[in-house]
Amino acid sequence: MKFFLTPGQLQKVEMARVGVAGLGGLGSNCVMHLVRSGVRNFVLADMDVVAESNLNRQFFFADQVGMLKVNALEENLSRIVDGLNLETHAVRITHQNALEIFKSCDIIVEAFDAAEEKSFFVHLMLEAGKKVVSASGMGGWGRSNLMQVRSFGENLYVCGDMKTEVSRTAPATSARVGIAAAMQANVVMACLLDMEY
């Protein structure tokens, strides 16, 4: 696979270990972008199985419905490139296990659906000194120019429009969730390559 990185940049990216908490619309697509960008080492965690309702925006396929998301994503990523180092956890991420699961990661993508899960996870990782890329405000469609990345301190980046939560009137659609997932991957790459955001 050809990359448009210098040998030194590619080495940094290939040596990094990226954690992804949640493998739905954000997480599954973010990991796909990172693999295509040269990242090779991941810790992936999600307790869920692929559902038919996921197929409109997540990096899964119809014949994977019913599979654990960690297994389905591993299968799909291996079709992009060989030689990935994937540590997978098919568990619910809790206050008790989160730090242990992601302790080896250089940077962590928060990709949960529920606000309470997002909040506890981000605070726990920041308290542990981890760099976190989160997302907030990606519901509906349109308004792409309102999507942005905001940094809070040295270790937290949040992608999205910061206000349009997924709801009945602003559902999770592939294009807008995909923008947020790509933004998260882009922030991870910038951090791994020591670029200011």
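Evaluate segment 150-157: report whether one residue or more is under 22 Å from residue 46 (Cβ atoms) and either within 16 Å of the chain's Cα centre (by Cα) or small (Gly, Ala, Ser) (or both).
Yes, segment 150-157 has at least one match.
Residue count for segment 160-182 under the criterion of being open to solvent by 30 Å² or more (accessible area, probe 1.4 Å) and either farther than 17 Å from residue 113 by Cβ or outside any loop (DSSP other than H, G, I, E, B) (or both): the result is 4. Among residues of segment 147-172 that are without any contact (Cβ under 8 Å) to a residue 40 or more places away in the chain and under 16 Å from residue 57 (Cβ atoms), those with a Cβ under 6 angstrom from a residue that is charged (D, E, K, R) and part of a loop (DSSP other than H, G, I, E, B), sequence gap 6+ or separate chain, pair up as 147/161.
Counting the residues of segment 123-151 that are outside any strand (DSSP E or B) and either modelled with pLDDT under 95 or within 22 Å of residue 189 (Cβ to Cβ) (or both) gives 17. Scan segment 65-83 and report the pairs whose first residue is among the polar types (S, T, N, Q) and whose second residue is open to solvent by 60 Å² or more (accessible area, probe 1.4 Å), with Cβ atoms within less than 8 Å and a gap of 6+ or a chain change. The qualifying pairs are 76/61. Please indicate, with yes or no, whether at least one residue in segment 40-48 is at pLDDT below 95 and either small (Gly, Ala, Ser) or open to solvent by less than 10 Å² (accessible area, probe 1.4 Å) (or both). Among the residues of segment 40-48, not one is at pLDDT below 95 and either small (Gly, Ala, Ser) or open to solvent by less than 10 Å² (accessible area, probe 1.4 Å) (or both), which makes the answer no.
The values are calculated or read from the model by the stated rules, or taken from the named source; none is laboratory data. As the structure is a computational prediction, the values presented were derived from the model and not from experiment. Cβ atoms come from the backbone with ideal geometry, glycine included; neighbour counts cover every protein chain shown. Just the protein is used for accessible areas: all its heavy atoms, side chains included, with ligands, DNA and RNA removed. Shrake-Rupley method; radii C 1.70, N 1.55, O 1.52, S 1.80 Å.
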